[in-house]
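*Asks:* Take this structure, written in structure tokens, and hold onto it; I'll ask about it next.
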Amino acid sequence: MRDGQEQVRREAQRLGNSLTNAPKARGRWGERALQNVLEQCGLAEHTDFHLEQSMDTAEGRLRPDAIVNVPGQKKLVIDAKVSLNAYQAAFEADDEGERKRHLDLHAKSMRGHVQTLGSKSYQSQFEDAPDYVVMFVPGEHFVAAALEHDPELWDFAFRNKVLLATPTNLVAIARTVAQVWRQDKMASKAAEIGRMGAELYDRLATAAEHLKRVGGGLESAVNNYNKFVGSFERNVLSSGRRLAEKGVEIGKREIEAVSLVESAPRYNAADGDAVEAEYPALEARKDAAE
């Protein structure tokens, strides 16, 4: 157990030394912590946010740690800052005065990060970005210690258009953005459903026009057929019957009676009432008799 604890202590000390003495390692740690928070809140890299996206400006090339896409083609710029050296030295100090001195240096270092970030003015590179940049600090205790020894740090950051964000604050911001994205997607789907509904309605109206023309053609065909039946009975069958009455040999086969079509297609009138156009056989037979 002693050997295991000693190994853990050495590894922790090695990690602490790496973060203290290697600014790039601290930067990568802050960027990774930022990415983890964004992804845990439901945002996807390359879709909802982009990491270390470079941009060319009049002052040179800028590369914020993260650019979060917000619905409405807006952008939220986030930069991670890790102020660790003075903070770690303060908690390793045995003397209270020395500890206070290092914490004052930690607060000054945090203020320097705010001033540097504000001078870069990342947000001015995007037309639809808010008038501030988010400074992400991957530790509640880092910000709390700085505010304890520099109570005006928060107001100083606001004046420099910098919003201090710890993991807790950033979670709230990221979850809000994710929720807005979900609502935006739902609104897009609702608009798409509305468009599809309008398209379906237009197609139904076109189909109804075609059906109406087909019904009109059937109605005309029925009328012409019944007129033909009447004419056939008057002019043809009557002559055949007279031949039979005169004793002409007509064979065993008789001419069958031709039935009338007594109804036309059913359709909806313009006023919405159901109408069934029927053609009574009686009227057709009257025409035939005439």
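The values are calculated or read from the model by the stated rules, or taken from the named source; none is laboratory data. Please read all numbers here as calculations on a predicted model, not as lab measurements. Here the Cβ positions follow ideal geometry from the backbone for every residue, glycine too, while neighbour counts run over all protein chains shown.
*Asks:* Given GLU140, GLU199, GLU148, which one is free of Cβ contacts under 8 Å to residues at least 60 places away in the same chain and either under 19 Å from VAL70 (Cα atoms) or not assigned by TED's automatic domain parsing to the domain that holds ASN85 (or both)?
*Replies:* Of the residues listed, the single one that is free of Cβ contacts under 8 Å to residues at least 60 places away in the same chain and either under 19 Å from VAL70 (Cα atoms) or not assigned by TED's automatic domain parsing to the domain that holds ASN85 (or both) is GLU199.
*Asks:* Mind listing whichever residues of segment 140-165 are surrounded by fewer than 17 Cβ atoms within 10 Å (Cβ to Cβ) and not in a helix (DSSP H, G or I)?
*Replies:* PRO151, GLU152 - these are the residues of segment 140-165 that are surrounded by fewer than 17 Cβ atoms within 10 Å (Cβ to Cβ) and not in a helix (DSSP H, G or I).
*Asks:* Quick test for you: out of LYS74, LYS108, pick the one residue that is within 20 Å of LEU34 (Cβ to Cβ), among the basic types (Lys, Arg) and surrounded by fewer than 18 Cβ atoms within 10 Å (Cβ to Cβ).
*Replies:* LYS74
*Asks:* Also, quick follow-up: Taking the condition at pLDDT below 85, within 23 Å of the chain's Cα centre (by Cα) and among the charged types (D, E, K, R), does LYS120 pass?
*Replies:* no
*Asks:* With respect to the numbered conditions (1) more than 22 Å from GLY30 (Cα to Cα); (2) more than 35 Å from the chain's Cα centre (by Cα), which one is the sole condition not fulfilled by VAL180?
*Replies:* The failed condition is (2).
*Asks:* Of a type in the set (Gly, Ala, Ser) and in contact with a Leu (Cβ under 8 Å, 6 or more places away or on another chain), is that true of ALA157?
*Replies:* Judged against the criteria, ALA157 is a match.
*Asks:* Would you check which residues across segment 62-93 are farther than 21 Å from LEU117 by Cβ and among the acidic types (Asp, Glu) and list them? Talk me through it step by step, then tell me what you get.
*Replies:* Start the filter on segment 62-93 by keeping residues that are farther than 21 Å from LEU117 by Cβ, which leaves 71-73, 88-93.
Answer for segment 62-93, where residues must be farther than 21 Å from LEU117 by Cβ and among the acidic types (Asp, Glu): just GLU92.
*Asks:* Then there is this: Select, from ARG28, ARG32, ARG10, the only residue that is at pLDDT 65 or above, assigned to a helix (DSSP H, G or I), loosely packed, with under 14 Cβ neighbours inside 10 Å and within 43 Å of the chain's Cα centre (by Cα).
*Replies:* Numbers: ARG28 fails: loosely packed, with under 14 Cβ neighbours inside 10 Å; ARG10 fails: within 43 Å of the chain's Cα centre (by Cα).
Within the list ARG28, ARG32, ARG10, the selection yields ARG32.
*Asks:* Which one of GLY240, GLY215 is over 30 Å from GLU254 (Cα atoms) and surrounded by 10 or more Cβ atoms within 10 Å (Cβ to Cβ)?
*Replies:* On the way: GLY240 fails: over 30 Å from GLU254 (Cα atoms).
It is GLY215.
*Asks:* Can you find a residue in segment 208-215 that is outside the structural domain of VAL258 (by TED's automatic domain parsing), assigned to a helix (DSSP H, G or I) and closer than 30 Å to GLN73 by Cβ?
*Replies:* no
*Asks:* Just checking, which of ALA174, ALA178, ALA187 is farther than 30 Å from VAL82 by Cβ, among the small types (Gly, Ala, Ser) and outside the structural domain of PHE136 (by TED's automatic domain parsing)? If you could, list the steps in order and put the result at the bottom.
*Replies:* Values: ALA174 fails: farther than 30 Å from VAL82 by Cβ; ALA178 fails: farther than 30 Å from VAL82 by Cβ.
Selected residue: ALA187, the only one of ALA174, ALA178, ALA187 that is farther than 30 Å from VAL82 by Cβ, among the small types (Gly, Ala, Ser) and outside the structural domain of PHE136 (by TED's automatic domain parsing).
*Asks:* To continue, here is another question. Scan (1) in the same structural domain as ASP65 (by TED's automatic domain parsing); (2) of a type outside the set (Gly, Ala, Ser); (3) closer than 20 Å to ASN36 by Cβ for the single condition HIS102 breaks and write down its number.
*Replies:* (3)
*Asks:* Within segment 151-166, work out how many residues are over 15 Å from LYS120 (Cα atoms) and either of a type in the set (Ser, Thr, Tyr) or touching a strand residue (DSSP E or B) at 6+ places or on another chain (Cβ under 7 Å) (or both).
*Replies:* 4
*Asks:* What are the residue pairs meeting all of these: first residue in segment 60-83, first residue modelled with pLDDT of 80 or more, second residue hydroxyl-bearing (Ser, Thr, Tyr), Cβ atoms under 6 Å, and 6 or more apart or on different chains?
*Replies:* PRO64/TYR122; VAL77/TYR122
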